[in-house]
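Have a look at the structure below, then the notes.
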Amino acid sequence: MKQMVRKKIVLLSLFILSFSFFVFSQNIPNGGFENWFYYPKTIYETPKSWTDNDLLYQRFDSGYRGISIIKTTRSHSGKYALQMGVAIDHNDTVNGAIFSTGNTDSLINGAFYHKASLGFPCDMRYGTLTGYYVFDKLPGDTAVFGAIMTRWNWVTRKRDTIVNSILRIGDLHSDYVPFVVPLKYRIRKEVPDTAFITIGIQSGNGKAAKIGTTLIIDDLQFSGKPEEKTENKNQ
C-alpha cells in the first residue's frame, strides 16, 4: 500500500514539473520568499502562497518527516530566499520542488482530479518568467523551471492551456545568476486568467536526484511582452 502511495506522489510531482520577487515582485505572490509560516498540523515552515513536496509527501504518508525545502538568509535581495535539496526519510527519497498554490488540497484537486484551478490570478500576457538562482549540483541532476497559464473557456466549460513553458538547467553556479523562461503562447492573442509556477530538482529518467544537490531561488517575476515568433499561430 505504501509503495503505491509513494508511486502516486512521484508521478504527481513529475507530472506537475513537466507540465509545465526582491520585494519588487508584485505579479507573483511572495515571489521573493520573504513571508513564511508553519503549515497547520505539520513540522514544516513553508513560504506563503506556495506548497511543496514535503507537504505533499506527508499528506500521503503521515510518517514522513524529511525536509527538502528550507528558508535561507542567502538571498539575492531582501532577507530570505528559498533553498531546496533532496531528503531521505521513512523509506522515501524526495526531490525538492515547490508549486505556486497555497495548500496541498488545491494542488491535489487541481493536478489529480481537475476540480480546482492551479495557481494564482494573472490577467496579463507576459513574455518571460525570470528570477535568480544558485545551483550546487551533483552529476546528472538538473534544475527545472516551469510556467503554465490557463483561461476558463465558458463554451467548453474547461480550462484552455495558453502557455506551457519549461526550462531545464544542468550547469553548476556557486553564486546567483539569472534564469529566463520564455513564455510560449499556444493560443495567439488570448489573455490568461490564471498562472501556475513549479520549480524543482530532477535527475534523468525520472530517478531521484542525489543527496547533496541544492537549488536556491529568489526574486521571481513575470516581465515583458511575448515575442510574436514564440506564439503558435495555429488556433
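The values are calculated or read from the model by the stated rules, or taken from the named source; none is laboratory data. All values reported here derive from a predicted model rather than from experimental measurement. Cβ: placed from backbone, ideal geometry, glycine included. Neighbour counts: every protein chain shown.
If you go through region 208-222 and keep only what is under 18 Å from the mean Cα position of the chain (by Cα) and not in a strand (DSSP E or B), you end up with A208, A209, T213. Residue by residue through region 56-92, note down the ones that are among the hydroxyl-bearing types (S, T, Y), over 18 Å from the mean Cα position of the chain (by Cα) and at pLDDT below 95. Within region 56-92, S62, Y64 meet the criteria. For region 162-181, filtering for residues that are surrounded by fewer than 16 Cβ atoms within 10 Å (Cβ to Cβ) and over 18 Å from Q202 (Cα atoms) leaves 5. Exactly one residue out of V163, V134, V144, V177 is over 14 Å from I217 (Cα atoms) and either at pLDDT 95 or above or in a strand (DSSP E or B) (or both): that is V163. Candidates are the residues of region 73-101 that are surrounded by fewer than 16 Cβ atoms within 10 Å (Cβ to Cβ) and not aliphatic (A, V, I, L, M); the one that is nearest to K137 (Cα to Cα) is R74. Being more than 15 Å from the chain's Cα centre (by Cα) and over 24 Å from P29 (Cβ atoms) narrows it down to one of D193, D136, D105, D160, so name that one. Only one candidate qualifies: D136.
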